[in-house]
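The values are calculated or read from the model by the stated rules, or taken from the named source; none is laboratory data. These numbers were taken from a predicted model, which means no experiment stands behind them. In this analysis, Cβ positions are derived from the backbone assuming ideal geometry, glycine residues included, and neighbour counts consider all displayed protein chains. The protein model used for the area step is the full one, side chains on, heavy atoms only, and it has no ligands, DNA or RNA in it. Shrake-Rupley method; radii C 1.70, N 1.55, O 1.52, S 1.80 Å.
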Amino acid sequence: MLKELIRSLMQKELTREMYEELVIGWFRQELYPEGKPYYDDFIRRMQRSEKISLPDYKNMFLGFDQNSGIKGLENLKGLEGKPMLVLSNHTNNGPLGGGWRDITLSCHINDITGNKIRLMHGYDPTARHDLFRERLHKSIDSILIRNPDPSQGSSSLRQAIKNRDSMCLYPEGGFGHRDNSLRKGMSEAGRLIIMCLGKDYELVTVSFRFKKDTFFAKFDRIENEKISSLEGTDKNTRDQKIVDYIMARIAQHLPEEKRGYYQNYQDFISVFEAL
């Protein structure tokens with residue numbers, strides 16, 4: 001009932017503009033003084049609908065430890081110029097309501113492989129992130145999926161795969177539990193993985209978390225052959241098995257209290273490998 005009320009209010013232009021300004025202010029308060037000028041420039045360009053490259057704005061997070069918690073970058077070696085599907089957990093801890101992870105991911109992948117990552121995201125006008133993201137997605141050329149017009153989202157996604165664009169997907173389909181522990185992955189993500197493998201995509205996972213002003217990320221690779229070997233199995237179970245395996249691989253690099261649905265991640269990995 002509350003969500004429906006908020007959705008109704010958000011249809012009013014004045015309400016949306018006021019709330020957007022509040023969101024921009026909230027995010028700004030989460031940054032250190034040295035990062036705020038970069039954030040202000042970012043917002044100005046976004047509001048003018050200018051094109052923005054996320055790796056150019058890592059200085060928004062000056063004052064945070066952006067380096068000591070980053071692991072597994074060696075796993076990105078050899079992916080230069082290859083299309084990638086990056087799969088990650090969806091945490092809202094840390095600056096910009098968790099948006100630091102998108103810029104961190106984009107920076108490291110761009111630095112090592114030269115690839116530009118197109119982010120995929122859903123639509124929820126009741127979430128503070130979406131008011132910010134609605135403008136942002138035009139500036140950074142992200143892919144809007146699960147929006148009010150499903151055909152538009154699927155068309156954009158098919159075109160991106162046809163173009164062999166590198167993309168990032170959060171298989172949980174949204175933020176995790178209130179404590180940012182993992183939710184069950186969506187079977188649709190498994191179907192997307194199969195589609196991307198058909199276009200020779202490389203699969204990369206990233207396990208994100210934020211603690212005490214430090215960004216943590218563990219980059220890992222998924223062996224394409226393991227996923228491809230399931231292509232002939234029943235689709236109804238195949239897609240969920242694939243996404244559970246991916247989420248379990250993400251979970252193994254998270255603290256026990258953040259693993260959520262994939263607390264016993266080794267069980268999911270064993271079931272998948274037994275197939």
Practice task
Can you tell me the FRET efficiency between D111 and D234 if r is taken as the Cβ-Cβ distance and R0 is 35 Å, rounded to the nearest 0.05?
Solution key: 0.30
Fill in the blank from the handout: Cα-Cα longer than 22 Å, checked against K77/K226; K58/K138; K116/K199; K116/K258; K116/K211; K36/K116, kept in input order, equals K116/K258; K116/K211; K36/K116
Practice task
Please give the contour-minus-distance gain from N163 to D56: 0.36 nm per residue of separation, less the Cα-Cα distance, rounded to one decimal in nm.
Solution key: 36.1 nm
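Using the Cα atoms of the range 158-275 to build a convex hull, what is its mean projected area in square nanometres?
Over all viewing directions, the range 158-275 projects a mean Cα-hull area of 7.6 nm².
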Exercise for the section: Would you grab the residues whose amide H sits under 5 Å from the one on I52? Only those 5+ places off in sequence or on another chain, please, with H modelled 1.01 Å from N. Expected result: I140
Handout entry: Vicinal HN-Hα couplings computed from phi for the range 89-106 (Karplus, 6.51 cos²θ - 1.76 cosθ + 1.60; Hz; Gly/Pro x)
Key = 7, 10, 9, 10, 6, x, x, 6, x, x, x, 4, 5, 5, 6, 4, 4, 4
Exercise for the section: Run the 1.4 Å probe and let me know the accessible area of E256, rounded to the nearest 10 Å². Expected result: 120
Exercise for the section: Would you kindly derive the ³J(HN,Hα) couplings of the range 195-207 from the backbone phi angles with the Karplus curve 6.51 cos²θ - 1.76 cosθ + 1.60 (θ = phi - 60°), listing them in order in whole Hz, with x for Gly and Pro? Expected result: 4, 5, 4, x, 10, 6, 6, 9, 9, 10, 10, 9, 9
Fill in the blank from the handout: For F64, the accessible surface traced by a 1.4 Å probe with all protein chains present amounts, in square angstrom to the nearest 10, to 30
